[in-house]
1. Considering only segment 120-134, I want to know if a residue exists there that is in contact with a strand residue (DSSP E or B) (Cβ under 7 Å, 6 or more places away or on another chain), buried (at least 19 other Cβ atoms within 10 Å of the Cβ) and in a loop (DSSP other than H, G, I, E, B).
2. Return only the number of the condition from (1) open to solvent by less than 10 Å² (accessible area, probe 1.4 Å); (2) of a type in the set (Val, Ile, Thr); (3) more than 29 Å from the chain's Cα centre (by Cα) that Ile235 does not satisfy.
3. Quick check on segment 144-164. Is at least one of its residues within 38 Å of the chain's Cα centre (by Cα) and assigned to a loop (DSSP other than H, G, I, E, B)?
4. Report the residue count in segment 150-174 for those that are farther than 11 Å from Ala214 by Cα and in contact (Cβ under 8 Å) with a residue 40 or more places away in the chain.
5. Six or more apart or on different chains, Cβ atoms under 7 Å: show the pairs whose first residue is in segment 91-105 and within 11 Å of Phe59 (Cα to Cα) and whose second is part of a strand (DSSP E or B).
6. Select from segment 203-232 the residues that are touching a helix residue (DSSP H, G or I) at 6+ places or on another chain (Cβ under 6 Å) and among the small types (Gly, Ala, Ser) and write down the one among them that is surrounded by the fewest Cβ atoms within 10 Å (Cβ to Cβ).
7. Please name all residue pairs, on different chains or six or more residues apart, with Cβ atoms under 7 Å, provided the first residue is in segment 420-447 and is polar (S, T, N, Q) and the second residue is open to solvent by 30 Å² or more (accessible area, probe 1.4 Å).
8. Quick one: how many residues across segment 66-90 are closer than 20 Å to Lys286 by Cβ, free of Cβ contacts under 8 Å to residues at least 40 places away in the same chain and either loosely packed, with under 15 Cβ neighbours inside 10 Å or not charged (D, E, K, R) (or both)?
Amino acid sequence: MEEKILNENEEKRSLSFVEQFVKEDLEAGKNGGRLQTRFPPEPNGYIHIGHAKAICMDFGVAERFGGVCNLRFDDTNPSKEGTEYVDSILHDIQWLGFKWGNLYYASDYFEKLWDLAVWMIKQGLAYVDEQTSEQIAEQKGTPTQAGTASPFRDRPIEENLRLFEQMNTPEAVEGSMVLRAKLDMANPNMHFRDPVIYRIIHTPHHRTGTKWHAYPMYDFAHGQSDYFEGVTHSICTLEFVPHRPLYDKFVDLLQEKDQQFDYRPRQIEFNRLNLTYTVMSKRKLKALVDEKLVSGWDDPRMPTVCGMRRRGYSAQSIRNFIDSIGYTKFDALNDYALLEAAVRDDLNKKACRVSAVLNPVKLIITNYPEGQTEELTAVNNPENEADGTHTITFSRELWIERDDFMEVAEKKFQRLAPGKEVRLKNAYIIKCDEEHPCDKDAEGNVTAIYATYDPDTRSGLPGADRKIKGKTLHWLSASHCLPAEVRLYDKLFAVENPAADDRDFRDLLNPGSLTVLKNCYVEQYLAEKKAGDFLQFQRIGYFTPDIESTPEHLVFNRTVGLRS
């Protein structure tokens, strides 16, 4: 076998235990030195960051060792699946930066799976059971107590064949019959106790329409689909560890039927990705969407890939986070702050620096000539000179953040206060008036602040080096900015681990997860920015235009705050 050559940068990163297994198999010449993985999502929801971890593994290990990763939709339950989910998954995988070798569907193999089930019936290895799901569950016993046989377990083969055919007719009643594999009702592994392998569903399938009325169960279809496609390494999460013997058993039966023993997929399990202050259950996420507790699957508070994209997370930041937490054999709860740190680190290299004022108050430079303006230069990204510059207009009347002024300031307050100096970003040093620092309304709210500027201290002039104790503040020209709505997102849930809480997950939602600010201002430069552009509102955080943003109504989402 020709040795696989790893990318020079990839060599520097230590192998995960999954990659080590793959490397050993390739070096041993297993499967003819061939590597083929797959990512098999069920199209019954939008994929979330937990799926992104599996995507990074399935596609990443194939990339690293010169193999191929295919995408296969596990579309065996038409009552929950649809093309909307298929399309979203395709888009999200591509957005994350991965390409599949081939696109498959479990429904591609419905004929082959049906033939295998018929063969099992003929071999006395499967039977039609007419008990209710509750009776079957009770009959299976417990992990320490053997199950009891179904009264239909020893049905004649011909009767089972006839009933199985009947299951696949429009007249069959859902829930009236199932096909079970005849394995071992005393096996300590509960999955071996005559598992259900086919059930009746009359919902039209998004690809096959009404051709089928009996559909294979996941455990029956999954391993066979891997085998049909030539998958060498079936990489999945830890909850499938007890399913692995059944996975291997069904592959054994398929090989026995077809008399092919040249290879078999190897199942390897790793830990799931769990994050604080969120849930990864698609059932719960779908409930949030259906009950309008969030605005949709792409709500920026959701852990879905599309939600994170809308919030302004970069694909690379998600991949960097997943790489940083690694793959183990032990489930863990990862701190959401680690994801935010990865987002922050990546956006620091990419985001355009701009000015935005979220809680504005008027600042009047009393000695600046009325009607005069200046076009000042602002660097787009100090981390990347190639990103260039843009201009920002300076004038006599400005907007600044209300929190940047105190009429009666504590000693350590280094922003604007009577008699104190600060620098305005890219502009001048200003000094707040001592005798008349501000105007107030009848309720005592500050309506205007007064200051003077030092014309010799504009950024770029020799006087700009003058040292002052005050901080540098961001600002906007009141006549040269645009109104905007800004949405501040916080954690979706109020408790650290909602998945482990016994209360209804709806009761655990964070009531402060979204704050909408209506009276904000941003640079005119932002009128041309689009959803997906990375921005840093200076001194505030990272933001991106929302998909609902228009030139007439600008809307920005906070991606993540700056480091404290």
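1. Scanning segment 120-134, I find no residue that is in contact with a strand residue (DSSP E or B) (Cβ under 7 Å, 6 or more places away or on another chain), buried (at least 19 other Cβ atoms within 10 Å of the Cβ) and in a loop (DSSP other than H, G, I, E, B), so the answer is no.
2. Failing condition for Ile235: (3).
3. The answer is no; no qualifying residue exists.
4. The number of residues fulfilling the criteria is 3.
5. Once the first residue is within 11 Å of Phe59 (Cα to Cα) and sits in segment 91-105, its partners that are part of a strand (DSSP E or B) give Ile93/Leu71; Trp100/Cys69; Trp100/Asn70; Trp100/Leu71; Gly101/Val68; Gly101/Cys69; Gly101/Asn70.
6. Ranking the qualifying residues of segment 203-232, first place goes to Ala214.
7. Note: pairs meeting the criteria are Asn426/Thr377; Asn426/Ser459; Thr447/Lys362; Thr447/Asp439; Thr447/Lys440; Thr447/Asp441.
8. 4
The values are calculated or read from the model by the stated rules, or taken from the named source; none is laboratory data. Just so it is clear, the model here is predicted, and its values are computed rather than measured. For neighbour counting, all protein chains shown are included, and Cβ atoms are generated from backbone atoms with ideal geometry for every residue, glycine included. These area figures cover heavy atoms from the full protein model, side chains too; ligands, DNA and RNA do not enter into them. Shrake-Rupley method; radii C 1.70, N 1.55, O 1.52, S 1.80 Å.
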